[in-house]
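Below: one structure, written as structure tokens.
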There are 2 protein chains.
Amino acid sequence: MSTASTQAAPGRATRADVAKLAGVSTAVVSYVTNAGPQSVAPATRKRVLEAAAALGYRPNAAARSLKTGATQLLGMVIPDATNLYFAELAVAVETAAVAHGFDLLVAHSHSSREREAQLMHSFTSRQVDGIIMLSTVADQSATTLGATKTPFVEFGCNIGTPGGLAFTVDHRAGAREGVKHLIEHGHTRIGLVVGPEMAGIAHSREVGWMDALADAGLRRGPIFRADFSRAGGLEAGRALVESAAAPSAVFVASDVQATGVIRAAHEAGVRMPDELAIVSFDASPESEYTWPALTAMQQPIDEMADAAVEAIVRLRLSEPAESRMFSTTLVRRASCGCPPSVAQ
Amino acid sequence: MSTASTQAAPGRATRADVAKLAGVSTAVVSYVTNAGPQSVAPATRKRVLEAAAALGYRPNAAARSLKTGATQLLGMVIPDATNLYFAELAVAVETAAVAHGFDLLVAHSHSSREREAQLMHSFTSRQVDGIIMLSTVADQSATTLGATKTPFVEFGCNIGTPGGLAFTVDHRAGAREGVKHLIEHGHTRIGLVVGPEMAGIAHSREVGWMDALADAGLRRGPIFRADFSRAGGLEAGRALVESAAAPSAVFVASDVQATGVIRAAHEAGVRMPDELAIVSFDASPESEYTWPALTAMQQPIDEMADAAVEAIVRLRLSEPAESRMFSTTLVRRASCGCPPSVAQ
DNA sequence: AGCCGTAGTGACTGCGTTGTCATTTCTACC
DNA sequence: GGTAGAAATGACAACGCAGTCACTACGGCT
């Protein structure tokens with residue numbers, strides 16, 4: 001096999017080509033592209049820039065990374081982009097990353113720990129400058145990351161995982177506030193639709209539900225467990241409306257599930273919010289377009305995304321960075337029973 | 001500034017470290033990791049693998065790319081992941097890419113041509129092995145790509161763009177079939193909610209709507225133009241239900257828009273499908289959870305994703321590859337008026 | 001003994017870049 | 001006219017890897 005066959009396709013302009021065309025040395029080209037240590041005369045800079053444009057020159061990222069040790073690439077893992085909440089978060093993180101000069105490599109774990117581990121390998125192999133993980137399976141910064149020294153940030157349930165930083169919403173307090181709102185509407189029998197018990201997020205939201213009921217001295221309504229998915233919500237919703245003593249209100253731990261619950265109620269001819277009031281969590285775009293529109297606890301997604309990227313930037317600079325917990329906001333719409341005048 | 005400060009963080013194991021620990025030469029390590037040209041004795045291979053595992057060695061992708069000229073990275077541009085159709089497609093492409101040993105770098109254009117152009121620069125700079133573009137703005141393979149020799153594939157409206165390959169659904173035929181279904185339900189006055197005129201996809205679907213009406217000798221109902229978004233659909237839907245002679249059925253050019261139209265109908269107390277029957281396009285996951293569930297033209301997303309990645313693989317091997325057009329399938333649910341027994 | 005094939009060696013090149021270094025050329029100011 | 005300082009030079013060393021090349025060592029086979 002000839003050596004040539006293992007080389008890159010020809011024709012891509014290199015720094016030397018630009019230098020030649022502009023009539024300068026290769027060092028000057030680098031000075032221009034990277035605001036180098038030496039100043040470059042405006043006229044020369046212009047010549048270089050023109051030559052680069054004429055040749056369609058783009059510095060080879062692989063060579064640059066090899067030299068500088070930085071890739072300007074961040075890796076992010078989400079379970080599944082067809083869950084709008086995750087999609088929104090990924091878009092927000094991308095925006096924040098781009099603002100800091102990074103590209104974002106998003107990969108889907110499909111909630112598989114094996115795939116998550118694979119992805120960590122892939123990311124470290126690609127020498128990403130930071131990793132942002134959103135896992136519904138479990139915290140694993142410490143375990144999987146192991147020897148890696150890559151800045152690591154988690155959107156998760158627990159603050160202060162040993163290995164890295166976590167940015168999360170106060171799931172418990174949020175759930176508590178949502179349920180409290182239902183109580184203020186006069187409901188006394190309030191059910192819960194929530195994710196699998198092993199998911200930390202689900203657990204926190206469940207505890208928040210209990211908190212609010214305890215605050216009001218109310219007994220706990222029935223609990224329905226299902227996947228964090230539309231189908232899971234549908235299943236749980238059907239069980240709810242068919243149950244002997246169905247609650248008059250339900251707190252649903254996520255928008256996607258709430259979408260399914262609403263469908264189940266419609267199927268059974270249950271009127272919302274009169275016969276079944278609903279408050280859910282996330283307030284993703286789709287929650288505004290259900291019928292009735294969902295009252296939900298909104299997460300400050302953009303803020304969280306900014307904070308995560310900022311933290312990675314700081315970690316890279318060896319500056320101190322801290323985990324943070326954000327609070328949610330109640331978005332009143334129709335599903336809780338608020339009048340249209342209050343609802344958005 | 002010392003040289004050291006521009007180097008990568010220390011501690012990451014290199015090939016030489018592995019070779020030393022395994023007591024072999026560096027070449028052998030490469031032979032093992034890449035199924036090199038020389039065979040390696042099983043015992044030696046095992047020693048190398050163990051050493052690599054012990055050190056947590058991962059070949060540096062930048063160095064490897066620099067040497068081989070391939071990055072095993074594909075770039076994909078989508079307008080916006082919070083449109084579930086795009087999110088689904090991105091996930092499908094990722095799955096197909098991973099099956100071929102590539103990672104997928106997804107970026108969002110937010111339907112901005114400038115951002116699209118930026119992304120093409122970023123991608124070529126990163127030396128991606130292929131680019132997959134989904135643009136609602138216009139075809140631009142020829143223009144933007146210019147001198148780039150990177151394999152380029154488009155999910156779009158037009159087959160046979162000069163610069164590259166296109167994989168698309170037969171929007172026109174799909175729309176025609178959807179409208180035909182409404183006609184079969186006895187509707188004679190059928191409106192259209194469609195995207196901006198400049199979007200090629202919107203145009204094709206509009207023509208399909210006209211086709212079906214012409215086939216049946218029906219006059220064209222009113223046309224409502226709006227963004228390809230939930231908000232756009234809501235706006236169009238409001239205009240529709242408030243119009244003097246509202247149609248009894250409407251073909252909506254996308255699920256996201258249909259979500260808004262349904263909401264508008266609910267707000268106005270218009271019963272679906274009795275007073276307003278709806279057929280839409282895409283059949284994304286959310287279309288199954290609206291009330292009523294949407295009858296829609298389904299795209300073979302997985303097939304399209306596979307075909308696109310496969311085409312890139314072929315192009316890289318200088319094998320012939322062809323553009324392809326896929327057909328859609330009518331998914332009967334409730335919004336068209338089909339009885340529950342037929343509806344899924 | 002002679003020979004062949006397999007397994008492994010160790011030194012080396014080049015991928016495109018960044019940034020250093022010692023030196024030279026140019027410009028402007030006194 | 002002399003000189004300081006800025007601007008530019010050209011050569012060079014990495015970065016980590018793939019893969020080549022010319023060899024050697026060691027069996028087993030005839």
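Going by alpha carbons, how many degrees (0 to 90, nearest 10) lie between the helix axis of B:171-184 and the longest principal axis of chain B? Approximately 30 degrees, to the nearest 10.
Both chains summed, the buried accessible area for B and A stands near 5200 Å², from protein heavy atoms and a 1.4 Å probe. With chain B treated as a Gaussian network of Cα nodes joined by springs under 10 Å, which of B:195, B:174, B:101 yields the largest mean-square fluctuation? Of B:195, B:174, B:101, the most mobile in the Gaussian network model is B:101. Measuring from a point 7 Å out along Cα→Cβ, what nm distances, shortest first, does residue B:23 have to its partners in the other copies? Those label-point separations list as 6.3 nm. Between copies, the label points of residue A:117, set 7 Å from Cα on the Cα→Cβ line, lie 4.7 nm apart, reported in increasing order to one decimal in nanometres.
Computed from the C-beta positions of residue A:14 and residue B:215, the FRET efficiency with R₀ = 60 Å rounds to 0.55.
Where in chain B lies the longest segment free of trypsin sites (Lys or Arg not before Pro) that are both loop residues by DSSP (not H, G, I, E, B) and have at most 16 other Cβ atoms within 10 Å? In chain B, the maximal stretch lacking such sites is B:1-148.
The GluC sites (Glu not before Pro) of the range B:169-230 meeting both criteria, a DSSP state outside H, G, I, E and B (loop) and at most 11 other C-beta atoms within 10 angstrom of the site's C-beta, are B:197. Here the Kirkwood formula, the inverse mean of 1/r across different C-alpha pairs, assigns the range B:171-299 a hydrodynamic radius of 13.8 Å.
When the Gaussian network model of chain A links Cα atoms closer than 10 Å, the mean-square fluctuations of A:166, A:62, A:305 top out at A:62. Within 10 Å of the Cβ of each residue in A:80-92, the mean number of Cβ atoms contributed by other protein chains is 5.
Here the relative contact order of chain A, from alpha carbon pairs under 8 Å that lie six or more residues apart, stands at 14 percent. So how far, in whole Å, is the C-alpha centre of the range B:36-74 from the one of the range A:211-236? Taking the Cα centre of each part, the range B:36-74 and the range A:211-236 sit 50 Å apart. Helix A:230-242 and the longest principal axis of the C-alpha atoms of chain A enclose an angle of approximately 0°.
Placing +1 on the Cβ of every Lys and Arg and -1 on the Cβ of every Asp and Glu, with nothing else charged, gives the range B:171-299 a dipole about its Cα centre of roughly 280 debye.
Pairs of Cα atoms nearer than 8 Å and 6+ residues apart set the relative contact order; for the range B:171-299 it is 26 percent. With the helix formula -39500 (n - 2.57) applied to DSSP H stretches of n ≥ 4, chain A reaches a computed 222 nm mean residue ellipticity of -13000 deg cm²/dmol.
A point 7 Å from Cα along Cα→Cβ stands in for residue A:300, and the other copies hold the same point at 4.9 nm, listed in rising order. Shape verdict for the protein assembly as shown, please, from the Cα gyration tensor: rounded (a/c under 1.5), prolate (a/b greater than b/c) or oblate. Here the protein assembly as shown falls in the oblate category.
The dipole here belongs to the range B:262-310: it is taken about the Cα centre, uses +1 on the Cβ of Lys and Arg and -1 on the Cβ of Asp and Glu, and is about 360 debye. Normalised by the number of residues in the range B:54-132, the mean separation of alpha-carbon contacts (under 8 Å, six or more apart) gives a relative contact order of 40 percent.
May I ask you to list the GluC sites (Glu not before Pro) in the range A:253-335 that are in a DSSP loop and have at most 14 other Cβ atoms within 10 Å of their Cβ? Counting only loop positions with at most 14 other Cβ atoms within 10 Å, the GluC sites (Glu not before Pro) in the range A:253-335 are A:275, A:322.
The calculated FRET efficiency for the pair residue A:327 and residue A:95, based on their C-beta separation and a Förster distance of 25 Å, comes to about 0.70.
Taking label positions 7 Å along the Cα-Cβ direction at both residue B:267 and residue A:245, the computed distance is 4.0 nm, reported to one decimal.
Using only Cα atoms and rounding to the nearest 10 degrees, what angle (0 to 90) does helix A:301-316 make with the longest principal axis of chain A? The angle comes out near 40 degrees.
The fraction of accessible area contributed by carbon and sulfur in the range B:34-122 is 56 percent, rounded to a whole number (1.4 Å probe; ligands and nucleic acids excluded).
The values are calculated or read from the model by the stated rules, or taken from the named source; none is laboratory data. The shown structure was predicted, so the numbers you read here are calculated from the model rather than taken from an experiment. Reconstructed Cβ throughout: ideal geometry from the backbone, glycine too, with neighbour counts over all protein chains shown. Surface areas here come from the heavy atoms of the whole protein model, side chains and all, with no ligands, DNA or RNA. Shrake-Rupley method; radii C 1.70, N 1.55, O 1.52, S 1.80 Å.
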